[in-house]
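Below is one structure, written out as structure tokens; the observations come after it.
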Amino acid sequence: MKFELHNTDTISKARRGTLHLAHGIVQTPVFMPVGTVGSVKAVSSQELYDLGAEIILGNTYHLNLRPTSEYIKEMFKSIHNFMRWEKPILTDSGGFQVFSLGLRAEAQESDGPRLVKISEEGVEFKSYIDGSTHHFSPERVIDIQRNLGSDIMMSLDVCTEFPATYERTKATMEQTHRWEKRGIDYWQKVKGESEQALFGIVQGGTYDDLRAESAKFISNLDFDGIAIGGVSVGEGKSAMQRAVSAAIPHIPENKPRYLMGVGEPEDMIRAVAQGIDMFDCVLPTRLGRHGVAWVGDEIRGFTSLQLIRPIYRNDIKVLDEGCTCPACSFGYSRAYIHHLLKEKEILGVRLVTLHNLHHVLQLFTRMRQSIESNKFTESFGKIAKLTA
RNA sequence: GUGGCUGUAGCUCAGUGGUAGAGCCCCAGGUUGUGGACCUGGUCGUCGCGCGUUCGAAUCGCGUCAGCCACC
């Protein structure tokens, strides 16, 4: 994997780069649509190509439960062939599921249904599909991602929940560090000529000194890129930005920086201004399924429309004026999409999802162009709260 | 005409003497490395109508109206 840095905005720290991955080239800053179980929900691979997506995200945890990574390797060689997506794919490690499946240190003490159990060795998951037990370790997670053949593999981490005490945050961060060290050591032993890349993940919660410590520790390991994790878990926008700014000074310039799970336009613009190169988020697709369309831009401001609401019944405008997405360019009205959503017609969800993905991908196209022409601050400074 | 069944929220219905409920609909919020085409809330009633019994009736009795079914 190679990361080229072309130029950095003179006022902000926004930067323009190119990632060379096994399945192609990705221009950064970049947004990666989320396709957890081998599909960006409601959207086909052809449509993703047409939207201009350059890299998508898949999920180790889900794909390994079903159809399993061994199946994908044996039947199709890689996840790319399986889903007919020949461009790059990043796979998340399962670390987030440690968090999202409801793990709490306290919950481990109770008799409640435990889907996740952590030990020094790794994580024990109970499958939400059939209740069977699965073990993830730093090494196993890399093997699964080798089977999947993803371009970028993520290290196993512990995504610290919010709120968490300093002690809890420090302990989970240190657990993350030990696992990531094991992971990179294992990868260096087995990688051979593999073109796959492995990223490390910074933790540290909402504590600046822990974020800095974690960023230093992870940056000292030989990862191809550095992710900032444990954000967008309920801590709020300012705490999120602060976690980024506490970590970034300790991450080397020459590696791609990936802010995990952040996807509201304003949040991403601010993070790009801080020097983040990569993002993934479920929002465009999840909100699409829930009938919420993103509209606006850096000039008009960003907002969203809840199309299920009755005011759209008589609204014959397209979702967003001037939008070139498949829904807007074909002229589908808000009123029609409102009707489709009311009737629970699949098309409604698909149109809004396509629109949202287009909206966010276009935002990144404009951000890249503005950095190239050194106009990032001019175009996005107001939203990024940059003072020229 | 006789007999039976049914009348409770906009809709489909639950509720056999103790302060009227559910689901859907409608309305309003929420959603940030996807166990989420989802989750939280909220509005809406002369319990067909009248009279009785009872401390108390959607619930029991009588009458009445409407719909459906069967028989004549």
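The values are calculated or read from the model by the stated rules, or taken from the named source; none is laboratory data. This structure is a prediction, so every number in the text was calculated from the model and none was measured. Cβ sites come from the backbone with ideal geometry, for glycine too, and all protein chains shown count toward neighbours.
Some points to look at:
- Where a residue in the stretch A:216-240 is within 17 Å of residue A:265 (Cα to Cα) and its partner, wherever it lies, is among the aliphatic types (A, V, I, L, M) and part of a strand (DSSP E or B), with Cβ under 9 Å and at least six apart: A:231/A:259; A:232/A:259; A:240/A:259
- Candidates are the residues of the stretch A:269-285 that are out of contact with any Ser or Thr (no Cβ under 9 Å at 6 or more places or on another chain) and more than 15 Å from residue A:380 (Cβ to Cβ); the one that is surrounded by the most Cβ atoms within 10 Å (Cβ to Cβ) is A:280.
- Scanning the stretch A:186-199 turns up at least one residue that is touching a strand residue (DSSP E or B) at 6+ places or on another chain (Cβ under 9 Å), surrounded by fewer than 18 Cβ atoms within 10 Å (Cβ to Cβ), at pLDDT 95 or above and in a loop (DSSP other than H, G, I, E, B).
- Restricting A:212, A:197 to those that are small (Gly, Ala, Ser) and within 17 Å of residue A:274 (Cβ to Cβ) reduces the list to A:212.
- When the stretch A:77-100 is filtered for residues that are touching a helix residue (DSSP H, G or I) at 6+ places or on another chain (Cβ under 7 Å), part of a strand (DSSP E or B) and more than 8 Å from RNA strand B (Cβ to nearest atom), the ones remaining, listed by number, are A:89, A:91.
- When residue A:253 is tested against the conditions (1) in contact (Cβ under 8 Å) with a residue 60 or more places away in the chain; (2) within 14 Å of RNA strand B (Cβ to nearest atom); (3) over 20 Å from residue A:337 (Cβ atoms), the lone failure is (2).
- Filtered by the rule that a residue be assigned to a loop (DSSP other than H, G, I, E, B) and either in contact (Cβ under 8 Å) with a residue 60 or more places away in the chain or within 13 Å of RNA strand B (Cβ to nearest atom) (or both), the stretch A:202-215 gives A:203, A:204, A:205.
- In the stretch A:327-363, residue farthest from RNA strand B (Cβ to nearest atom) [restricted to those that are under 30 Å from residue A:379 (Cα atoms) and hydroxyl-bearing (Ser, Thr, Tyr)]: A:329
- Filter result for residue A:166 (hydroxyl-bearing (Ser, Thr, Tyr) and either closer than 27 Å to residue A:81 by Cβ or under 17 Å from the mean Cα position of the chain (by Cα) (or both)): no
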